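Comments concern the structure below.
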Amino acid sequence: MPGHPRAARSRSGRTRRAPYARTAALAAVTAVCLLAGACTGSSGGGAQDDPDAETTLTFWHGWSAPSEVEAIDANIEAFEEKHPNITVKTVKNVSDDKLNQALRAGGGDSPDVVSSFATDNVGRFCAANALADLKPFLAKSGIDPAKTFPKPMLDYTQYEGKRCTLPLLGDAYGLYYNKDAFAKAGIEAPPKTFSEFDEVAKKLTKEKGDSYSQLGFMPNYHGYESTVEHFGAQFGVDYFDADGRAANASDPGMKALFTWQRELVDALGGFEKLERHRSTFGDEWGAKHPFHTGQVAMQLDGEWRGKMAKEAGADFEIGTAPLPVPDGQEDSYGKGYLSGTVVGVASSSPRQNAAWELVRFLTTDTNAVVDFANAIHNVPSTLAAMKSPRLNEDPDYRTFVKIAQHPGSRHAPGSVNGAAYLLTLQDLGYAYESGREKSLDAGLRKADRQIDKDLAQAG
């Protein structure tokens, strides 16, 4: 949804850009990299302030849409009612670049609590000590993270054992499909394996000259949400070996991913024809999104898409399901890629104990999490909130809540230089699908060398 957590990558949080536009992405990574050696402050256990004293906290977040700002403000008001000694000053629509600069600088005008849509940068935040270690706070509050949050969300909010963030709502990725188009094509149920998916995509595709009147699915990597990590969650790719070195060339799941995607591109008409059709698509966040208009019959997307499609006036019945899995792995069906907003306490804040009270409320108070999830149509980020009877009961939305709870769902692993390794693999995707890279094996080996080089330079 506009301003949804996934934006660190698509706007990684929400400044929409072309998928993996290299300049913008590397600028964000560079900004976070500057944190290394520049952030100072305590790490959880050193907090000395009295959380019961009168104080004012500054909370920076990236939400900007009126409905989103209203929702987070409602949670802040609820927090202040429970903690009348703490006043929270919120600053909305904060970009990650501005956030990173403030965390570096510290001082009286810097935030005490921050939220970010850039889950890919958690590794940098933790490694650079930009955000305080939350383990001491969790322990003091008697909160067991493993019993509170879904495991994939716990995984992407820590780095190498350091927990410098907690999840604050999430995104789950699955399959949207046009039920009317399915019925016309005689397709009775959404596909569960990729071979079934390919056949359905071909059956739903209607060519029109050098383009299409309806495309079953847009597989090209410039297509909305078509990223290596979103597909990779279904193929179980690991990206790195046990020593932290890039291991994509030796990963059978990664090879299967690239092979499947390239074969589907060819089966649906080829890269150039698909790109011509893609050039007719409206904006990802606007009413003319190709799924809304019927230009594509299936769409990989997050939980926000259903609400957006209905608000855009889509004139067909919408279905939702998990994204398919590779053949032979049917027992893992139901999983998907997870991402979300992260929140933490600035290491430079002199009010860390009070700041923790706000973070604890926003991330673990069941009513607060449920109300926020319902208001902005994101997936709740605690196990209790996912089971709450107050949670939105819309069946399409609930599909994504189930994906978020699946034990096989995952996020791409954290890295000391953020999303740089994913950008490298995405660039390989562009080259391989278009035919510029002839050898997948050679391309993966080259990508691994580049990833290792970038990691070494990042320290």
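The values are calculated or read from the model by the stated rules, or taken from the named source; none is laboratory data. The structure presented is a predicted model; accordingly, all values stated were derived computationally and were not measured. Counting neighbours? That spans all protein chains shown, and the Cβs are built from the backbone with ideal geometry, glycine included. We work out accessible area using only protein heavy atoms, side chains counted, and drop any ligands, DNA or RNA first. Shrake-Rupley method; radii C 1.70, N 1.55, O 1.52, S 1.80 Å.
Values as computed for the structure displayed
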read-out	value
Total residues in region 63-90, condition free of Cβ contacts under 8 Å to residues at least 60 places away in the same chain and touching a helix residue (DSSP H, G or I) at 6+ places or on another chain (Cβ under 7 Å)	2
Selected residue [out of contact with any helix residue (DSSP H, G or I) (no Cβ under 7 Å at 6 or more places or on another chain) and either assigned by TED's automatic domain parsing to the domain that holds Lys446 or not small (Gly, Ala, Ser) (or both)] from Gly223, Gly236, Gly244	Gly244
Lone qualifier among Thr320, Thr280, Thr293 - being out of contact with any helix residue (DSSP H, G or I) (no Cβ under 9 Å at 6 or more places or on another chain), assigned by TED's automatic domain parsing to the domain that holds Met254 and of a type in the set (Val, Ile, Thr)	Thr293
Search result, residues across region 97-110 that are in a loop (DSSP other than H, G, I, E, B) and either at positive phi or surrounded by 24 or more Cβ atoms within 10 Å (Cβ to Cβ) (or both)	Gly106, Gly107
Failed criterion for Val296 (all others in (1) more than 25 Å from Asn378 (Cα to Cα); (2) open to solvent by less than 20 Å² (accessible area, probe 1.4 Å); (3) among the β-branched types (Val, Ile, Thr) hold)	(1)
Matching residues, region 421-455, being among the aliphatic types (A, V, I, L, M) and open to solvent by 10 Å² or more (accessible area, probe 1.4 Å)	Leu428, Ala431, Leu440, Ala442, Leu455
Extreme residue, least open to solvent (accessible area, probe 1.4 Å), among residues of region 70-79 that are more than 13 Å from Ala373 (Cα to Cα) and out of contact with any strand residue (DSSP E or B) (no Cβ under 6 Å at 6 or more places or on another chain)	Phe79
Single condition Asn367 does not satisfy, out of (1) assigned to a helix (DSSP H, G or I); (2) buried (at least 24 other Cβ atoms within 10 Å of the Cβ)	(2)
Where a residue in region 116-132 is in contact (Cβ under 8 Å) with a residue 24 or more places away in the chain and its partner, wherever it lies, is of a type in the set (Phe, Trp, Tyr), with Cβ under 6 Å and at least six apart	Thr119/Tyr156; Val122/Tyr159; Gly123/Tyr159; Cys126/Tyr159; Leu131/Phe125
Conditions (1) in contact with a helix residue (DSSP H, G or I) (Cβ under 8 Å, 6 or more places away or on another chain); (2) farther than 19 Å from Tyr177 by Cβ; (3) open to solvent by 30 Å² or more (accessible area, probe 1.4 Å); (4) at pLDDT 95 or above: number failed by Ala267	(2)
Within region 121-204, helices (runs of 4 or more DSSP H) holding 1 or more residues that are assigned by TED's automatic domain parsing to the domain that holds Val359 and farther than 25 Å from Gln101 by Cβ	135-140, 145-148, 151-156
Leading residue by the ranking (most open to solvent (accessible area, probe 1.4 Å)) among those in region 317-359 that are assigned to a helix (DSSP H, G or I) and under 30 Å from Met254 (Cβ atoms)	Asp331
Of all residues making up region 376-395, the number that are over 21 Å from the mean Cα position of the chain (by Cα) and among the hydroxyl-bearing types (Ser, Thr, Tyr)	1
Any pair with Cβ under 7 angstrom, 6 or more apart, that starts in region 386-404 at a residue that is in a helix (DSSP H, G or I) and ends at one that is open to solvent by 50 Å² or more (accessible area, probe 1.4 Å) and aromatic (Phe, Trp, Tyr)	none
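So that you can scan it fast, the table gives a plain yes or no per residue for (1) at pLDDT 95 or above; (2) within 13 Å of Glu303 (Cα to Cα):
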| position | (1), (2) |
| --- | --- |
| Thr320 | yes, yes |
| Pro326 | yes, no |
| Ser332 | yes, no |
| Tyr337 | yes, yes |
| Val345 | yes, no |
| Trp356 | yes, no |
| Val379 | yes, yes |
| Pro413 | no, no |
